[in-house]
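Take a look at the structure set out below.
The values are calculated or read from the model by the stated rules, or taken from the named source; none is laboratory data. Please read all numbers here as calculations on a predicted model, not as lab measurements. Cβ: placed from backbone, ideal geometry, glycine included. Neighbour counts: every protein chain shown. Side chains included, ligands, DNA and RNA excluded: accessible areas come from the protein's heavy atoms. Shrake-Rupley method; radii C 1.70, N 1.55, O 1.52, S 1.80 Å.
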Amino acid sequence: MSASPRANRRVAAGGGFLVILAALNGVGPFSNDAYLPGLPQLSDDLSTSASLAGATLTAVMIGLALGQLVMGPVSDSLGRLRPLLAGVATFAVASLLCAVAPNIWVLLVFRLVQGFAGGTGIVICRAIVRDLHEGVAAVRYFGMLMLVQSVAPIIAPVIGAQILYVTSWRGIFVAMSVIGAVLLTAIVVRLPETLPAADRHGDGLGSTLVTFRRLLSQRSFDGYLLAMAFPFASMFAYIAGSSFVLQNIYGLSPQEFALVFAANAVGIGALGHLSARLVARIGPNRLLAAGLVMSAVGGLLMLFCALASSGLVPVLVAFFIAVSAIGLVMPNATAQALAGDPRTAGSASGLLGLSQFVLGAAVAPLVGLAGSSSAVPLGIAMATLGVLACISFALLVALPAHGLRHAARSSNG
């Protein structure tokens, strides 16, 4: 458990290590959306309203945000492995308790706990990568992991729907519990401690708040944080609103809608793979900038389509551009945001996760403000978030970096 960093890097080179990290990164978002096809059944079984049934989504989103905010700093203090084991074990138990919840109020509590535990896996997974890799290697690793985190909420409802063929919504939570138990076993067998005792720090809440304040006082960190959070929230807006737009307005069947989801997931994967191949030659900031421009262009095109009541094809193109951009944005922004002091990687990762999920949870309900027959709110949300991401990156990262380079050339001259 306390092997040297060099030994840990050898362990990390194996495919099994990457599979575990990918599962940790995806299990939280997967648990958020896998039971969506069973929401109507859940509402009937628990004799509750559709709005309260939908609140179980809000509960897990809050849990995901809080889990990353709290457990990231804890892992800086105690090491990565112990908090991770506690989080995954809690996820397995909470999922099982969700499956046997007798009413909606109990389910809401267990969903909050489940989300908190899932957030633990996400935040510590990112910190582990930062412990072992930096620069181009970190971008490539984050590219693979961010792919899973981005695709998980898209494919989760498809998998949940298949489980419903053989069981009820409760069976979906049993499946999540089994996944948690398998993942816990894999961590015990395969995952080493990656933060040496000498590099750990933290003396409680006061120390954590000081670390947060120091991170948020860094202009570049803020720029990368916002460059991640805005496109991530745009993707959540797409997840929340695209089914109404494509099925209610454009008449796609559920099967055709699933194909659109799959195509956009392929887009994320393709650009994530392309980023990993090009980062050494082009650099993470340029790839990130390209992804942000794509996100803004896709959002603006979606807004134009909504206002002009355009045909289906332009809408599909807009969705593909905006969603696929995540494959360029997430790995490069994550690697750059965590490129500072590795001893605070957990805290930095926690702030990244908090910003993404809080903003995503806030934006998702807004896309339905005009009802299920209008795409304008979705277009406004995606366009605004894409443009804000570009502005944040330009003002906080690109322009200050350009000024520093200009000053350096002037002094050398």
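Near Ser275: Cβ cut-off under 14 Å, other residues only, Lys/Arg at +1 and Asp/Glu at -1. The net charge is +4. On a per residue basis, the chain carries 40 Å² of accessible surface, using protein heavy atoms and a 1.4 Å probe. Ordering 327-340, 83-96 by mean Cβ neighbour count within 10 Å, with the highest value first, yields 327-340, 83-96. Quick check: from the Cα gyration tensor, does the chain come out rounded (a/c under 1.5), prolate or oblate? Since a/c reaches 1.5 but b/c is at least a/b, the shape of the chain is classed as oblate. Taking every DSSP helix (H) stretch of at least 4 residues in the chain, weighting each as -39,500 (n - 2.57) and dividing the sum by the residue count yields a mean residue ellipticity at 222 nm of -27500 deg cm²/dmol. Here the label points at Gln247 and Val178, each 7 Å from Cα along the C-beta direction, are separated by 2.6 nm in the simple model. Multiplying the residue separation of Ile159 and Leu52 by 0.36 nm and removing their Cα-Cα distance gives an extension gain of 36.2 nm.
If I take R0 = 51 Å and measure r between the Cβ atoms of Arg190 and Ser217 in this structure, what FRET efficiency does the formula 1/(1 + (r/R0)^6) give, to the nearest 0.05?
In this case the efficiency is close to 0.85.
The accessible surface of segment 14-133, taken with every protein chain in place and a 1.4 Å probe, is 76 percent carbon and sulfur.
Quick one: grab the alpha carbon gyration tensor of segment 92-173, order the square roots of its eigenvalues as a ≥ b ≥ c, and give me rounded if a/c is under 1.5, else prolate or oblate depending on whether a/b is larger than b/c. Because a/c hits 1.5 or more and a/b fails to exceed b/c, segment 92-173 counts as oblate.
Determine the gain in length on full extension of the stretch Leu369-Val317; use 0.36 nm per residue of separation and subtract their C-alpha separation, reporting nm with one decimal. Spell out each step's value before the answer.
Values: separation 52, 0.36 × 52 = 18.72 nm, distance 2.36 nm.
Gain on extension, Leu369 to Val317, equals 16.4 nm.
For segment 225-379, carbon and sulfur atoms together expose 70% of the accessible surface, with a 1.4 angstrom probe and every protein chain in place. Estimated at the nearest 10 Å², the accessible area of Ile249 is 70 Å² with a 1.4 Å probe.
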